[in-house]
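The values are calculated or read from the model by the stated rules, or taken from the named source; none is laboratory data. This is a predicted model, so every value here is computed, not measured. With ideal geometry, Cβ positions are generated from the backbone for all residues, glycine too; neighbour counts draw on all protein chains shown.
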Amino acid sequence: MKLALPKGPLQGGTADLLRQAGLGVSEYGNGSRSYRPKCDSSSGLFAKVFHEKDIAIQVAIGNYDLGICRLDWVDELMIKYRSDAVVKIGDLGFGRRTLFVAVAGSAGDCSLESLRDSSDSLRIVSEYPNLAEAFALKQRLRRFRIFPVWGSAESFPPENAELAIVVGTSTDSLRERGLTPVTIVLESSACLIANRASLEEKDLGHVLTCLSRGRVEDSGNVEPIEAGAEREGQRSGPRESLVFLALPDGHQQPHTIGLLNRAGLTVEGYNAGKPTRSPRLDIDGVRVKVIRPQDMPLQVANGNFDLAITGKDWVSDHRARFPVSPVEELLDLGYGKVKIVAVVSNHVPVSSTADLRKTRRGAALRVASEYVNIADKYTHDNHLAPYKIIPTWGASEAFLPEDADVLIENTETGSTIAKNDLKIIDTLFESTACLIGNSDALSRPEKKDGIARIVETLRRGVEAAPDS
């Protein structure tokens, strides 16, 4: 019997559930990093840890009999891929949050009625593109466009999107992020899901009974969302001469702060660990947003940003899908060095891509990666057909060897790969942080001087690096 467990915020509540259920799963809890927690051999249970977004997919395709994840990710999958393969067994009582539609705090009338009456094309940004589209269709919005992102959707309004569909626990948590709620999409919490074929063909009764008995409740009360709230103010668009710059959150942020400091730039609110989503740069005519590096190439290509600091790995993934994209690499920033590599289990008798090609037999090669376009290009260029690409949202090492044959991953030292009993068989390319720009914006008279000033200022920061 195979159980998919969530990595991240749900780990603590899920660990409590498993303990109270008496299922004998150890080495799993808050802060644990093992992808394969130990299970009591008498339980007949095999457990593996995934990023929460991947669990509904793994259960739907039958790789796992049972899974624990939040309801919002289940609905995000099922609203597009309508199937009875996933069965919602029940609410587990913890990890509660709300998915809601929000506008910028500076927006004016933000009622549903005003959105329906709008003749403008409304840009909707979200990690939940399927739920976002379903919301827009249900509300009969006249014109809309969906912008899928990896995260940080709250960064985009009002300049780069009119609406954001985001998660939160209260109206106060929204307003702290500079947003005003419009309406609720759904209430979500951790839930137990099952593969329908597994329910029909396997005896899951004991585990289901144990998990039902171990159900836990969140401590404390969650403030309810107040839907339909409005604020005074005017919706304002950017002036044509403004330059929009995207800075990265996450592990690239400390290195980017160092670059900006060396360049003599002050960015108020761009602090390590918890940046403001719209910090202030001490250059007139420049607006800054903090978003995920994964989203930057597409957002620059779409014209939402003129410049962005991201990784060459994400630029390569973007170009693998859009070869004629207007995204240009303007400056190698030198930090964030990683290698993009092909990885297999140590127990697979291959040591190169050529070996992998020679040993291909029968079933399609399963290739897992966050870099879905790079992975597709790698398998195609190396004649590894038949193959199928398995998109992941992180914790990718967990997929090998049971749920994928090859992993396309980034690594700095290779230590995490070795620790998970995996080995590198090929290096696709090396990646560093880089400054990218929109080629159309670079040629626009009202923007090009401002863009050139930023590029040259950052170039000085690169040249002032200790190892330059």
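Values as computed for the structure displayed
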{"quantity": "Residues located in the range 191-209, provided they are closer than 19 Å to PRO6 by Cβ and in contact with a strand residue (DSSP E or B) (Cβ under 6 Å, 6 or more places away or on another chain)", "calculated": "CYS191, LEU192, ILE193, ALA194"}
{"quantity": "Hits in the range 166-179 (condition: in contact (Cβ under 8 Å) with a residue 60 or more places away in the chain and surrounded by fewer than 23 Cβ atoms within 10 Å (Cβ to Cβ))", "calculated": "VAL167, GLY168, THR169, ARG175, ARG177, GLY178"}
{"quantity": "Residue in the range 390-408 that is closer than 14 Å to ILE424 by Cα, in a strand (DSSP E or B) and within 20 Å of the chain's Cα centre (by Cα) present", "calculated": "yes"}
{"quantity": "Selection within the range 1-28 - outside any helix (DSSP H, G or I), more than 26 Å from the chain's Cα centre (by Cα) and under 18 Å from ASP65 (Cα atoms)", "calculated": "MET1, LEU23, GLY24, VAL25"}
{"quantity": "Lone unmet requirement of (1) surrounded by fewer than 17 Cβ atoms within 10 Å (Cβ to Cβ); (2) touching a residue at least 40 places away in the same chain (Cβ under 8 Å); (3) closer than 30 Å to LYS447 by Cα for GLY394", "calculated": "(3)"}
{"quantity": "Residue that is nearest to ASN63 (Cα to Cα) [pool: residues in the range 29-44 that are assigned to a loop (DSSP other than H, G, I, E, B) and modelled with pLDDT under 90]", "calculated": "GLY44"}
{"quantity": "Condition met for GLU200 (within 30 Å of ASP84 (Cβ to Cβ), at pLDDT 90 or above and charged (D, E, K, R))", "calculated": "yes"}
{"quantity": "Any pair with Cβ under 7 angstrom, 6 or more apart, that starts in the range 91-102 at a residue that is over 16 Å from GLN11 (Cβ atoms) and ends at one that is charged (D, E, K, R) and surrounded by fewer than 22 Cβ atoms within 10 Å (Cβ to Cβ)", "calculated": "THR98/GLU187"}
{"quantity": "Inter-residue pairs, beta-carbon under 8 Å, first among the basic types (Lys, Arg) and in the range 130-157, second surrounded by 16 or more Cβ atoms within 10 Å (Cβ to Cβ), 6+ apart", "calculated": "ARG143/LEU122; ARG145/LEU122; ARG145/ARG123; ARG145/ILE124"}
{"quantity": "Any hit, the range 149-156, residues being over 18 Å from SER278 (Cβ atoms) and either modelled with pLDDT under 90 or among the hydroxyl-bearing types (Ser, Thr, Tyr) (or both)", "calculated": "no"}
{"quantity": "Failed item, numbered, when SER439 is tested on (1) under 30 Å from PRO6 (Cα atoms); (2) surrounded by fewer than 18 Cβ atoms within 10 Å (Cβ to Cβ)", "calculated": "(1)"}
{"quantity": "First in the range 411-435 and among the charged types (D, E, K, R), second anywhere and outside any strand (DSSP E or B), Cβ under 6 Å, 6 or more apart", "calculated": "ASP421/ASN346; LYS423/ASN346; ASP426/THR353"}
{"quantity": "Any hit, the range 137-145, residues being modelled with pLDDT under 90, touching a helix residue (DSSP H, G or I) at 6+ places or on another chain (Cβ under 8 Å) and outside the structural domain of ALA56 (by TED's automatic domain parsing)", "calculated": "no"}
{"quantity": "Total residues in the range 157-182, condition of a type in the set (Ser, Thr, Tyr) and closer than 16 Å to THR276 by Cα", "calculated": "1"}
{"quantity": "Residue match in the range 145-156 (condition: crowded, with 23+ Cβ neighbours inside 10 Å and in contact with a Phe, Trp or Tyr (Cβ under 9 Å, 6 or more places away or on another chain))", "calculated": "yes"}
{"quantity": "Residue among LEU66, LEU71 that alone is within 18 Å of PRO9 (Cβ to Cβ) and either outside the structural domain of ALA404 (by TED's automatic domain parsing) or surrounded by 19 or more Cβ atoms within 10 Å (Cβ to Cβ) (or both)", "calculated": "LEU71"}
{"quantity": "Filter pass, LYS312 being basic (Lys, Arg), at pLDDT 95 or above and in contact with a strand residue (DSSP E or B) (Cβ under 6 Å, 6 or more places away or on another chain)", "calculated": "yes"}
